[in-house]
Amino acid sequence: MALIKCAECGRDISSLASACPGCGAPTKEVAQVEPMTIQATSKQYKSMQLLGVLLVLVGVVAGIAEAPVFGVTTGVLGLALYIGGRIGGWWANG
Ligand SMILES: [Zn+2]
């Protein structure tokens, strides 16, 4: 727990408090927006991974069904998409 200065009256207040106990000024306008952005970003990378897995499966099926060029191309594309989603999710969430 850290102490921050109230923007309105300059009093030391807890960074966990949603408002200054002295004057009632709100302290966290920015903190409320951030978690939503992270959630939306990780969801985007998750769907990227899902699409990658689906493409790999399509590639494997196409390979079995004697369409090796299409199968390998789709498989590699899916793998790249999946890895991109993993790295992107890791990069965005730390
Ligand atoms: Zn205050």
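Do you know which residues across region 51-94 are free of Cβ contacts under 8 Å to residues at least 12 places away in the same chain and under 15 Å from the mean Cα position of the chain (by Cα)? So that I can check it myself, show each step before the final result.
Going residue by residue through region 51-94, those that are free of Cβ contacts under 8 Å to residues at least 12 places away in the same chain are 61, 64-70, 87, 90-91, 94.
The answer is Ile87, Trp90, Trp91, Gly94.
Looking at region 20-32, is at least one residue within 14 Å of the ligand (Cβ to nearest atom), modelled with pLDDT under 85 and part of a loop (DSSP other than H, G, I, E, B)?
Yes, some residue in region 20-32 is within 14 Å of the ligand (Cβ to nearest atom), modelled with pLDDT under 85 and part of a loop (DSSP other than H, G, I, E, B).
With of a type in the set (Gly, Ala, Ser) and touching a Phe, Trp or Tyr at 6+ places or on another chain (Cβ under 6 Å) as the only criterion, which of Gly59, Gly78, Gly52 stands out? Before the answer, list the steps.
On the way: Gly59 fails: touching a Phe, Trp or Tyr at 6+ places or on another chain (Cβ under 6 Å); Gly78 fails: touching a Phe, Trp or Tyr at 6+ places or on another chain (Cβ under 6 Å).
One residue alone meets the criteria, Gly52.
From the set of residues in region 6-15 that are more than 9 Å from the ligand (Cβ to nearest atom) and at pLDDT 85 or above, which is nearest to Gly85 (Cα to Cα)? Before you say what the answer is, go through the steps one by one.
First pass over region 6-15, keeping only residues more than 9 Å from the ligand (Cβ to nearest atom): 12, 14-15.
Among the residues that remain, those that are also at pLDDT 85 or above are: 12, 14.
Values: Asp12: 43, Ser14: 38 Å.
Per the criteria, the residue is Ser14.
The values are calculated or read from the model by the stated rules, or taken from the named source; none is laboratory data. Since the model is a prediction, treat every value here as computed from it, not as a measurement. Here the Cβ is made from the backbone with ideal geometry for all residues, glycine too, and neighbour counts use every protein chain on show.
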